[in-house]
Amino acid sequence: MSKKVKTSRISGFYKLPIEERLKIVADFANLSDDEKKLLLVNGKPGLGLDLKTADMMIENVIGTFDLPLGIAVNFLINDKDYLIPMVIEESSVVAAASNAAKVARVKGGFKAKASESIMIGQIQVVGIKGESKLANAMLAVKKQKEKILKIANEQDKVLVSLGGGAKDLETSVIKTSAGEMLIIHLLVDVKDAMGANAVNTMCEAVTSMIEEITGGKVRLRIISNLADKRLAYATAVFDKDALGGGKVVDGILEAYAFADADPYRAATHNKGIMNGVDAVVIAVGNDWRAVEAGAHAYAARYGRYKPLTRYWKNEKGDLVGEIELPLAIGTVGGAASVNPLAKLCRKILGVKNANELACVIASVGLAQNLAALRALAVEGIQRGHMSLHAKNIAVMAGAKGDEIDVVARKIVEEKKVRLDRAKEILEEIRK
Ligand code: MEV
């Protein structure tokens, strides 16, 4: 018997009832009945994150807070099919990512790669006065590098046994409003962890040795969220015809040029990328503020805020897109290992490690951006947004069951997505 081909290319997924969608996802990802129960129980929201676990995650817990979890379909990344869990409150994002992934599939999907998981821990040394003393302190730190790395590595034997740990350090002197400072960067390979705990512990552990060597006073010891040694990259060719023709390609290129030249536009351009990136980062239980901070700092790394994606036209007139951003994300440790929903989402994704997860997230970011630029260049963003928004308005107007779709469709057709009009239509159809 031939084995069923596992594909994420699912047409009409959005039209299916919720339970059928879950069945497809469960088949794809081999979810157990208990795992399915985390999401749905008899058509109602499932067990989710239990209070006991929540109470261990943060302080002063009084409950848990739900957000919609959707699945983006059609993603082919490095020749592997993925169903992408996305946690987000904004309408159109999941649909847009799925559409862009469908277009990318025409030319083979996304090709992605991620660097080693090197995170930077910063150690601030103050109180060393004068150029020559600072230069000597830098030299002394470099001379004692192996000893410093050894102390750092004693803090995390497990990480070291996996091939990770503190690998190198860098020194610099910076001029600040509080005088010159020696800054040491501890470079730590954190493997499949996000890494903040490991790095912060290592930085704190080397304090007295650094003070001894430099004669200065160590103040801050903390990870840098500008994780520019932990980058993810994805690229895709978007078929001209699947995009809607040469004019659409040109429109997208103009939209990209706008973002490249104007930080006001670049901020929104990157926000659209982060719609996709954050939604997956949250789904897999990771620190999305860290990813946000890293992405925006990276976007400004040349002293001017720039888009995280780039686009150009190839010789066939197709659109080529690429994205590069730092992704400090983990598949072990922290909430990723504690929150049962995060573990479930990771299982749905089927990623083996943080490197593969970074490849997926970068691809979703590119897809999200492409979808936004296409919508903006072709028809404006509101039409897509409006259909779901219209459903909300219909519900607010009191529509029930099938009435919701009828009212929503009508107010969109009439371009009157307003509560008063929805109420009128509801009255009319009930008569
Ligand atoms: C909205 O959440 C995101 C967009 O504004 C992104 C963009 O303008 O590129 C549509």
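Give me a count of the residues in the range 392-405 that are assigned to a helix (DSSP H, G or I), closer than 9 Å to LEU426 by Cβ and among the aliphatic types (A, V, I, L, M).
Count: 1.
Tell me, which helices (runs of 4 or more DSSP H) lie completely within the range 83-193 with 1 or more residues that are in the same structural domain as LEU373 (by TED's automatic domain parsing) and aliphatic (A, V, I, L, M)?
Where helices (runs of 4 or more DSSP H) fall fully within the range 83-193 and carry at least 1 residues being in the same structural domain as LEU373 (by TED's automatic domain parsing) and aliphatic (A, V, I, L, M), they are 93-106.
Just the residues that are more than 10 Å from the ligand (Cβ to nearest atom) and closer than 20 Å to ALA362 by Cβ, please, taken from the range 257-268.
ASP260
Check ASN275 against each of (1) more than 21 Å from the chain's Cα centre (by Cα); (2) in a helix (DSSP H, G or I) and name the one condition it does not meet.
Failed condition: (1).
With surrounded by fewer than 19 Cβ atoms within 10 Å (Cβ to Cβ) and more than 14 Å from the ligand (Cβ to nearest atom) as the only criterion, which of PRO68, PRO85 stands out?
Only one candidate qualifies: PRO68.
For LYS271, which of the numbered conditions (1) within 14 Å of the ligand (Cβ to nearest atom); (2) in contact (Cβ under 8 Å) with a residue 40 or more places away in the chain; (3) not aromatic (Phe, Trp, Tyr) fails to hold?
It fails just one condition, (2).
Take the range 363-418 and flag every residue that is hydrophobic (A, V, I, L, M, F, W, C) and within 30 Å of PRO326 (Cβ to Cβ).
Within the range 363-418, VAL364, LEU366, ALA367, LEU370, ALA371, ALA372, LEU373, ALA375, LEU376, ALA377, ILE381 qualify.
Regarding ALA371, is this residue away from the ligand (no atom under 16 Å from the Cβ) and either of a type outside the set (A, V, I, L, M, F, W, C) or in a helix (DSSP H, G or I) (or both)?
So ALA371 does not fit the description; no.
Mind checking whether some residue in the range 325-333 is within 16 Å of the ligand (Cβ to nearest atom), within 18 Å of the chain's Cα centre (by Cα) and among the aliphatic types (A, V, I, L, M)?
yes
The rows are residues; the columns are (1) touching a strand residue (DSSP E or B) at 6+ places or on another chain (Cβ under 7 Å); (2) β-branched (Val, Ile, Thr); (3) over 23 Å from ARG289 (Cα atoms).
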site: PRO326; (1), (2), (3): yes, no, no
site: VAL332; (1), (2), (3): yes, yes, no
site: ALA342; (1), (2), (3): no, no, no
site: ALA354; (1), (2), (3): no, no, no
site: ASN369; (1), (2), (3): yes, no, no
site: SER387; (1), (2), (3): no, no, yes
site: ILE411; (1), (2), (3): no, yes, yes
site: LYS416; (1), (2), (3): no, no, yes
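One residue is enough: does the range 42-61 have a residue meeting the conditions touching a residue at least 40 places away in the same chain (Cβ under 8 Å), of a type outside the set (Gly, Ala, Ser) and within 16 Å of the ligand (Cβ to nearest atom)?
No, the conditions are met nowhere in the range 42-61.
The values are calculated or read from the model by the stated rules, or taken from the named source; none is laboratory data. Predicted model, so just to flag it, every value in this text is computed and none were measured. So basically every Cβ, Gly included, is an ideal-geometry build from the backbone, and we count neighbours across all protein chains shown.
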